[in-house]
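Note sheet for the following structure.
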Amino acid sequence: PFKTMEEILKRTVAPLPTYEMRDKSPPPPESSSVEFMHFYKGLEKEEKMDFLDKLSQDFGVDHKGVSELAGKVAETQLRDLATVLQVEDRLRYSLTPRYRQLLSHISRVEGGVKFLVDLRADVIEIISSKASESPHIRDLNGTLKGLLSEWFSVGLLRLERITWQSPCEILQKISQYEAVHPVRNWTDIKRRVGPYRRCYAFTHASMPGEPLVVLHVALTEDISNNIQAIVREFATLDSEEDVNKINSAVFYSISSTQAGLQGVELGNYLIKRVVRKLQGEFPHLSQFSSLSPIPGFCAWLQGLLGPQRKEGRGAGLLTEQEWREVEEATGARDTAADALRRLLAGGEWVRSERLARALEPALMRLCAWYLYGEKRRGYALNPVANFHLQNGATMWRLNWQADTSPRGVAGSCGVMVNYRYFLQETSANSAAYLQTKAVAASDQILGLVSQFQKNSKL
Ligand SMILES: CC(C)(COP(=O)(O)OP(=O)(O)O)[C@@H](O)C(=O)NCCC(N)=O
C-alpha cells in the first residue's frame, strides 16, 4: 500500500541514540536502508525534492538540544578540563544530523555508495536550480559531501590506464563521457588510446567498472598549440618507440562523470597522479600542460558588442585602425560593432585570410582579458581557467587558430589556452589563487592584458 513520506522517513531514519548509548546501541536493520533507497528511487523528480526537504528539515539536527548544550559549555568554561571536554563532546554529538547515521549505513549496502552519489547529484541540482532555498538542504549537501570526500579520498581510488585492450564497455563509457572533444567513432577512440597517447581514469571498489573521472593525454615533442593535430582521425602507424619525441605531456581533455562528486576535486588529484605516473615511465619528461578550450569567450564578446551597449565602438574593444579594417572588410552598412557581432556569429571570418589577420591582435587581447581579468566572486569567470588555477597551474600561452572546428570557432573564436603545470610552483600558486585570488600568468598573457587595458574603457 502507498505509504506517506512521513511514515517512510519515521520508519527508516532511526532516531539518534542518546549520548550515553551512542556506542552501545545496535545499528538500524539493513532493511531500513534498503527500504529508504527503494522508496526514493520510486519517486518522481518533484517528489524527490519534497522528500529531501522533509528529510533534511525534520530528521536533521535537534537545534533546541544544541542551544541548551551550548549554554552548558559556556557555564562550565571555568570548571576543570575533563568536565569542559565532556560537555564539548556532548555538544559535538548533538550537532550530528539524525539522517547522517542512515546515510552512513546505506553506504554499507550493495550499491549504496552509488545511490548516495546520485542522491547528492539530486541535491546539487535542487540547490543550483534554486528549486528550494532551504538551508537544511544545503546542510544535507554538506553532510553528503563530507561522507563522500572520505570514501573517495585518493588512497581509496584506483588509477586505471585505458588502452585498446581494455574491455569494450569501458571504452564505450570513455567515449560517451568525453565532454570536451566528442568521440566520433571507433577509429577516433582507438587513436586516443593509441601510440603517443595516454588515457587514465580513477575507479572505486564501490562502483566497479565506472570511471569516475577521465583524463586524456597526448605525449608530444613540444607543448601543443592546436587540438586538430591531437584528435585528428588517422592513427600513426609507428608504434611508440621514439621516446626522444616525447618531452611534453599535454592534457587535452578531462571529464568527471559523477555529478554527485562535484567538489571532491577528483580531477585535480587525477592530474597530479598521472604526472607522477608519466614521470616514472618517461624520466626525462619535463613539460606538463593542458591544451584547454575557452568556453564562453565568444558569448562574452558578443555581449560587449550588443546593440544595447551604448559604448559600442567607443568601448575601446578595437583600435580605430581595426574598426576601419572591419568596416572595409565587411562593407559595414550599419555600425562596425554590429558588423563585428555578425561576423563572429557567423564564423566564416576564420577562412578569410584578410579578416583573420585583421582580427587576430584584437581577439587575442580580448581573450587574454576575458581569461585573466573577468571575474566571478573574485575568481576567474571562465570555469576551465578557474579549475586549472585552483590546481596551481599557470595561465601560460594563448594559441591563435588552435581549434578551427565549428565548435571551436563558435565557442572561442578558435583560440585555445595552455595552462602550464610548473611542478615546483603548483602548490604555492594554488594557495595564492585560493587565498588572494592571484592569477599566475606568463609574460605573453600579461603583455596581452596590458595592451587590452591601454585601449579599453571597460
Ligand atoms: C573539469 C572537471 C573535470 C573538474 O572536476 P573535479 O576535479 O571533480 O572538480 P570539482 O568538481 O571537484 O571542483 C569537471 O568540472 C568537468 O568534468 N567539467 C566539464 C568538462 C570540462 N573539462 O570542462
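Looking at the structure I just gave you, is LEU446 surrounded by 14 or more Cβ atoms within 10 Å (Cβ to Cβ), more than 21 Å from the chain's Cα centre (by Cα) and of a type outside the set (D, E, K, R)?
yes
Out of (1) out of contact with any helix residue (DSSP H, G or I) (no Cβ under 6 Å at 6 or more places or on another chain); (2) closer than 30 Å to TYR200 by Cβ; (3) part of a loop (DSSP other than H, G, I, E, B); (4) free of Cβ contacts under 8 Å to residues at least 24 places away in the same chain, what's the single condition that is false for GLU150?
(3)
Please give the number of the condition ARG232 fails out of (1) modelled with pLDDT under 95; (2) closer than 30 Å to LEU363 by Cβ; (3) within 13 Å of the ligand (Cβ to nearest atom).
(3)
Do you know which residues across the stretch 251-274 are out of contact with any Gly (no Cβ under 9 Å at 6 or more places or on another chain), of a type in the set (Ser, Thr, Tyr) and near the ligand (Cβ under 9 Å from one of its atoms)?
Across the stretch 251-274, the qualifying residues are SER253, THR257, TYR269.
Do we find a residue being of a type in the set (Asp, Glu) and within 22 Å of ASN141 (Cα to Cα) anywhere in the stretch 65-82?
No, every residue in the stretch 65-82 fails to be of a type in the set (Asp, Glu) and within 22 Å of ASN141 (Cα to Cα).
Return the total of residues in the stretch 392-414 being touching a Ser or Thr at 6+ places or on another chain (Cβ under 8 Å) and under 15 Å from LEU291 (Cβ atoms).
So the count comes out to 7.
Inside the stretch 426-443, can you point out the residues that are surrounded by fewer than 20 Cβ atoms within 10 Å (Cβ to Cβ), under 14 Å from GLN390 (Cβ atoms) and not small (Gly, Ala, Ser)?
Scanning the stretch 426-443 gives LEU434, GLN435, THR436, LYS437.
Taking the condition of being among the charged types (D, E, K, R) and open to solvent by less than 60 Å² (accessible area, probe 1.4 Å), how many residues in the stretch 335-359 meet it?
Residues meeting the conditions: 1.
Let me spell it out: the conditions are (1) within 15 Å of the ligand (Cβ to nearest atom); (2) open to solvent by less than 40 Å² (accessible area, probe 1.4 Å); (3) in contact with a Pro (Cβ under 8 Å, 6 or more places away or on another chain); (4) not charged (D, E, K, R), and ASN141 meets all of them except one. Which number is the exception?
Every condition holds for ASN141 apart from (3).
Within the stretch 375-397, is even one residue small (Gly, Ala, Ser), open to solvent by less than 40 Å² (accessible area, probe 1.4 Å) and away from the ligand (no atom under 16 Å from the Cβ)?
Yes.
Please indicate, with yes or no, whether at least one residue in the stretch 409-421 is more than 26 Å from LEU343 (Cα to Cα), open to solvent by 60 Å² or more (accessible area, probe 1.4 Å) and modelled with pLDDT of 95 or more.
The answer is no; no qualifying residue exists.
Matching residues to (1) open to solvent by less than 60 Å² (accessible area, probe 1.4 Å); (2) among the β-branched types (Val, Ile, Thr); (3) under 34 Å from the mean Cα position of the chain (by Cα):
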{"site": "ARG11", "(1), (2), (3)": "no, no, no"}
{"site": "ALA14", "(1), (2), (3)": "yes, no, no"}
{"site": "PRO17", "(1), (2), (3)": "yes, no, no"}
{"site": "PHE36", "(1), (2), (3)": "yes, no, yes"}
{"site": "LYS54", "(1), (2), (3)": "yes, no, yes"}
{"site": "GLN57", "(1), (2), (3)": "no, no, yes"}
{"site": "ARG92", "(1), (2), (3)": "no, no, yes"}
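In the stretch 152-183, what residues are among the small types (Gly, Ala, Ser) and surrounded by 14 or more Cβ atoms within 10 Å (Cβ to Cβ)?
Correct list: SER166, SER175.
Which numbered condition in (1) open to solvent by less than 20 Å² (accessible area, probe 1.4 Å); (2) closer than 28 Å to VAL243 by Cα; (3) modelled with pLDDT under 95 is the only one that PHE202 fails?
Going through (1) open to solvent by less than 20 Å² (accessible area, probe 1.4 Å); (2) closer than 28 Å to VAL243 by Cα; (3) modelled with pLDDT under 95 one by one, PHE202 breaks only (3).
State which residue is farthest from VAL109 (Cα to Cα) when the search covers only the stretch 16-45 and only residues that are free of Cβ contacts under 8 Å to residues at least 60 places away in the same chain and of a type in the set (Asp, Glu).
GLU20
Being among the small types (Gly, Ala, Ser), within 16 Å of the ligand (Cβ to nearest atom) and out of contact with any Pro (no Cβ under 7 Å at 6 or more places or on another chain) narrows it down to one residue among SER248, SER292, SER206; which is it?
SER292
The values are calculated or read from the model by the stated rules, or taken from the named source; none is laboratory data. Because the structure is a prediction, the values reported are computed rather than measured. We place every Cβ from the backbone using ideal geometry, glycine too, and count neighbours over all the protein chains shown. Protein only, heavy atoms only, side chains kept; ligands, DNA and RNA dropped before computing areas. Shrake-Rupley method; radii C 1.70, N 1.55, O 1.52, S 1.80 Å.
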